[in-house]
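Heads up: the structure comes next, in structure tokens.
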Amino acid sequence: HVNGEKIKLTNKEQVDGLLKKIRAVDNWHIDAIKKGNQLSYPKPPFITSTLQQDASHKFGISTSFVMSTAQKLYEGVEIEGELTALVTYIRTDSVRVSGEALNEVRDYISRQYGNEYLPTKPNFYKSSKNIQDAHEAIRPISLKYTPASLEGKLDKNLLRMYKLIYDRFVSSQMKPAEYDTLNVTIEGGYDDKFGFRMQGRTMTFKGYTAAYISRNGDSEDEEENSLPSYKKGEQLIAERFVPEQKFTQPPSRFTESALVKAMEENGIGRPSTYATVIQTLNKRYYTEKEKKFIKPTETGILVCEVMMKFFPEIMDFNFTANMEDDLDSIDEGRKWQDILNDFYPAFNKKIQEAMKDRTKYKPAVEESDKKCAKCGKVMLIRTGRYGKFYACSGYPECKNILPFDEPVAVCPKCGG
């Protein structure tokens, strides 16, 4: 701030001029201190989408692997010669928990962490709209099987998944974490007064973070965010000023975790379909992985464009959510024939129009720097149903093709 007002710096000349002035200031001091308190509340026990998001983010694994691992915990694993199911049904969008499970977890928190971590009454959470409430939230079937008691008895992936579900459920019934917050204003200058602000917080009570730290990092490193104790009027010495130019960045590509969240927010699919959808997009080569991000392929972009051309209503984000509403209305007494009569004639007409289209939709062909080993002509990069491949530009006279990616292993006998 300059003279109590926020300033907007729009070019290097303004920044350099300001730096020259503030570097000449030698009377920096604490002008104001504002203390406060902040609570961070526990999150509800897992549902399918939040389990996929959290496990995928924390362990760096695909959503399909999350679901297959959780499925094994639900079906049962062998413990001391007996097949034992460890978690409740893993395909659910309800955060409801049975009274029996609530009593068990409250007793566990009291014994394990102490009564200071136990709320006076159980924590209750609201499920989002349009959910199917047939199943409880994802939780351990019995808290007697602690993660520590299963070490050496479970596969590493199963154990860490079970611990994640176990800890999240326990933390959901604990008190909030508490913080002391500090807002400090530093001021200096003579004719012009220059002001800077610092913010920090220090944890005073762990609360639910004693059991579980969310994917957003609740309190993984509080030291970085804490400030020393200051007094009003205290003199400070400025060691250095660091100007930094920032640009507005476009949104990053989806990770699997972020895509699940977006699908859930837009009502696309059901909890049981998220992992399958992502897997199918990859199998059909509509998307590919770029490090941890999901990137559309040329084929995927082309399919989207064709679908948008002929079926914009189905490609609308609200299509699935609206269909869910229609299905719910059948449950409430509406005739399913009426819904089909409203939808199908117009849909069938669009199919007929699309079938008449004679446009050849093919991903662009690129030239490569490779030469054909058989005829010497340039190899082209083409896209087929299994992805990209090299094909000789001399086709059909020369039919030489090569894989686009380097082979994982080459046969020592024939080079295949």
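Some observations on this one:
- Along region 157-168 the Karplus relation, 6.51 cos²θ - 1.76 cosθ + 1.60 evaluated at θ = phi - 60°, assigns HN-Hα couplings of 5, 5, 5, 5, 5, 5, 4, 4, 5, 4, 5, 5 Hz to successive residues, with x for each Gly and Pro.
- Test item: Cα-centred dipole of region 260-323, Lys/Arg +1 and Asp/Glu -1 on Cβ, debye: 340
- With the simple model of a label 7 Å out from the Cα in the direction of the Cβ, Ile7 to Asn183 spans 2.2 nm.
- 5 angstrom amide H check on Ala85, placed H, neighbours 5+ away: Val77
- Of all accessible heavy-atom area on region 145-192, the percent that carbon and sulfur account for (1.4 Å): 46
- Residue list for region 59-78, given a label point 7 angstrom along the Cα-to-Cβ vector of Ile141 and an amide N cut-off under 14 Å: 71-78
- Note on region 293-353 and region 56-133: Cα centroid distance 34 Å, given to the nearest whole angstrom.
- Set the Cα radius of gyration of region 337-416 against 2.2 N^0.38 Å, with N its number of residues, and you get 1.82.
- Note on region 1-100: along the principal axes its Cα atoms extend 76, 33, 28 Å, ordered by decreasing extent.
- Loop-located GluC sites (Glu not before Pro) in region 60-121, at most 16 other Cβ atoms within 10 Å (DSSP): Glu80
- Cα→Cβ-extended label distance, 7 Å offset, between Asn341 and Arg160, nm: 5.6
- Relative contact order (%) - criterion: Cα under 8 Å, at least six apart; region: the chain: 17
- Take the Cα of Glu234, step 7 Å toward its Cβ, do the same at Gln352, and the gap between the two points is 8.0 nm.
- Each Lys and Arg adds +1 at its Cβ and each Asp and Glu adds -1 at its Cβ; summed about the Cα centre, the chain shows a dipole of about 1280 debye.
- Answer label for mean projected area of the Cα convex hull in nm² (calculated), chosen among (i) 42.3; (ii) 22.4; (iii) 34.8: (iii)
- Placing unit charges on the Cβ atoms only, positive for Lys and Arg and negative for Asp and Glu, gives region 117-172 a dipole magnitude near 100 debye about its Cα centre.
- Gaussian network model of the chain, springs between alpha carbon atoms under 10 Å - residue of Ser171, Ser62, Ser127 with greatest fluctuation: Ser127
- Gain upon complete extension [Ala321, Leu19; 0.36 nm per residue less C-alpha separation]: 103.3 nm
- Gain on full stretching of the segment that runs from Thr120 to Gln249 - 0.36 nm per residue minus C-alpha separation: 41.9 nm
- Computed FRET value (nearest 0.05) for Tyr361 with Lys295, which takes r as the C-beta separation and R₀ as 22 Å: 0.65
- Each of Gln112, Ala275, Tyr74 was placed along the dipole of the chain (beta-carbon charges, centred on the mean Cα), and the one lying farthest toward the positive end is Ala275.
- Of Lys206/Lys261; Lys72/Lys261; Lys34/Lys261; Lys21/Lys231; Lys126/Lys295, those spanning more than 29 Å from alpha-carbon to alpha-carbon: Lys34/Lys261; Lys126/Lys295
- Counting only Cα atoms, region 25-173 measures 73, 38, 36 Å along its principal axes, largest extent leading.
- Amide H contacts under 5 Å for Cys392: Leu380, Asn400, restricted to partners 5 or more places along the chain or on a different chain, H placed in the peptide plane at 1.01 Å from N.
- Applying the criteria of a DSSP loop state and at most 15 other Cβ atoms within 10 Å to the chymotrypsin sites (Phe, Trp or Tyr not before Pro) of region 360-398 yields Tyr361, Tyr386.
The values are calculated or read from the model by the stated rules, or taken from the named source; none is laboratory data. Predicted model, so just to flag it, every value in this text is computed and none were measured. A quick note on method: Cβ atoms are made from the backbone with ideal geometry, for glycine too, and the neighbour counts reach across all protein chains shown. Protein only, heavy atoms only, side chains kept; ligands, DNA and RNA dropped before computing areas. Shrake-Rupley method; radii C 1.70, N 1.55, O 1.52, S 1.80 Å.
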